[in-house]
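Input: a single structure, listed below in structure tokens.
Each reported figure results from applying straightforward, stated rules to the coordinates on display, with no laboratory input. Just so it is clear, the structure is predicted and the values come from calculations on it, not from any experiment. All Cβ positions, glycine included, derive from the backbone under ideal geometry; neighbour counts span all protein chains shown.
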Amino acid sequence: MNVLEIIQELCKEKGTNPSKLEIELGFGRGTLYKWKKSSPNADKLLKIADYFGVSVDYLLGRTDIRSNVLEAQETIAAHHEGEWTEDELAEIERFKEFVKLKRQEENK
């Protein structure tokens, strides 16, 4: 499946559609459908991944495993003596996705 097909499937599961998703995330009209022929940018992929609680790799079809943010947060927290806030854990998740995307771009 391509990125758009995966997003359409996630929308269906969540009871929405790509047009409503574009509005909710502040994307221009038809943005998602343009991804049939062009590559999405990292910022938009991250917004969609956060919205659905999946990894960018899942959106890109690179893995069938949906990221379980709670498990990832517990793993991260286990390697820190103090406690992480929910905002800090969300920031760590965004940074992890950024690093993955950066690595992918460098390997092209």
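Quick look at the values:
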{"quantity": "Cα gyration tensor, region 1-72 - rounded (a/c under 1.5), prolate or oblate", "calculated": "prolate"}
{"quantity": "Efficiency of FRET between Y33 and E88 - r from beta-carbon atoms, R0 35 angstrom, step 0.05", "calculated": "0.50"}
{"quantity": "Candidate aspartates and glutamates - alpha carbon under 15 Å from K102, same-chain residues fewer than 8 apart omitted", "calculated": "D43, D57, E93"}
